[in-house]
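The structure appears right after this line, and notes come after that.
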Amino acid sequence: MHKITKLLLILLSSVGWICSGFSLSNRRQCSSLKYASRYKSERSLSSNNTQDRKPITFSTISSIHKVSMTPRGGVSTSFRDSLWSILIAVTNLTASLWGAIGVVAVLGKSIKRILPIALEPFGATFPPLSPFQLVCYVATSVWFAYVEGYKGFQLRFSPLVVARAQTLKPLQGTPIHHTILGPFYSMGLFHATKKRKIISWSVSLGVGLIVAAVKRLPYPWRNIIDAGVVVGLSWGSLSILTIWLKTAVFGRHLGFNPALPEGSGDRNN
């Protein structure tokens, strides 16, 4: 009886070991199959991603990193635009200065020529002025200062010169001969309205005739009139420089009409 029981136990245990061995092999095989299928699926996904992957571009990099990246060409273009704007501003300022300072130079040349004659009565070479002549000397200087210097230059001619000088823009359409002849252009002797040209040429020729007539006057009347002319021209020169500084440097718009002919273009506004 005991022997039969032992044999049954041995048989049952052997059958259990055999069954457990098959189950383990099946589990290992199933796990290996699952791993293999998972590996194949991952490989297929990676291959598909590789095929569908687009080449890395500048926009892709900037979008990934979320960085605003500006190409070099854009920076250089804005830099060139800034340099061009600075060049235009400097050129316009220089041309405007040339137009205004050229007129001052013409007036200064006349002052330099007349001033020694106006000061002759106060030198040792010529006889001194009488009290009446001295009063006439002072009164003439005051009259020229008001009529020629203030009313003629400061209120009319000097703003005209500065306004026309401001229209000289060599890099923005101004003809080259306007820039070269800037002082005469600023005086309104050419490229101006018909009325302005008549006034400018009449004043210029009239001043020349008056100077020629004054030269024939005896001493000290020529000196007295020349003194008044020096005062008026000096006032005018200072007014041109002052108005130009206010307009070109400090940006104060005078609103004075430059008396340009019709159809001159926007550059003259």
- Message: Can you order the peptides 158-164, 141-147 by their average number of other Cβ atoms within 10 Å per residue, highest first?
- Response: 158-164, 141-147
- Item | Using a Förster distance of 45 Å, the FRET efficiency for Phe126-Ile198 (Cβ separation, nearest 0.05) | 0.65
- Sequence order, segment 131-137: Karplus ³J(HN,Hα) from phi using 6.51 cos²θ - 1.76 cosθ + 1.60, θ = phi - 60°, Hz rounded, Gly and Pro as x, gives x, 5, 5, 5, 4, 4, 4
- Computed E for Phe250/Leu115 - FRET, C-beta separation, R0 30 angstrom, nearest 0.05: 0.45
- Item | Ranked packing of 175-188, 220-233, most packed first, by mean Cβ within 10 Å | 220-233, 175-188
- segment 107-268, relative contact order in percent, only Cα pairs under 8 angstrom and at least six apart counted: 43
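Throughout, read-outs are computed from the coordinates displayed, never taken from laboratory work. All of these numbers come straight from a predicted model, not from anything done at the bench. In this analysis, Cβ positions are derived from the backbone assuming ideal geometry, glycine residues included, and neighbour counts consider all displayed protein chains.
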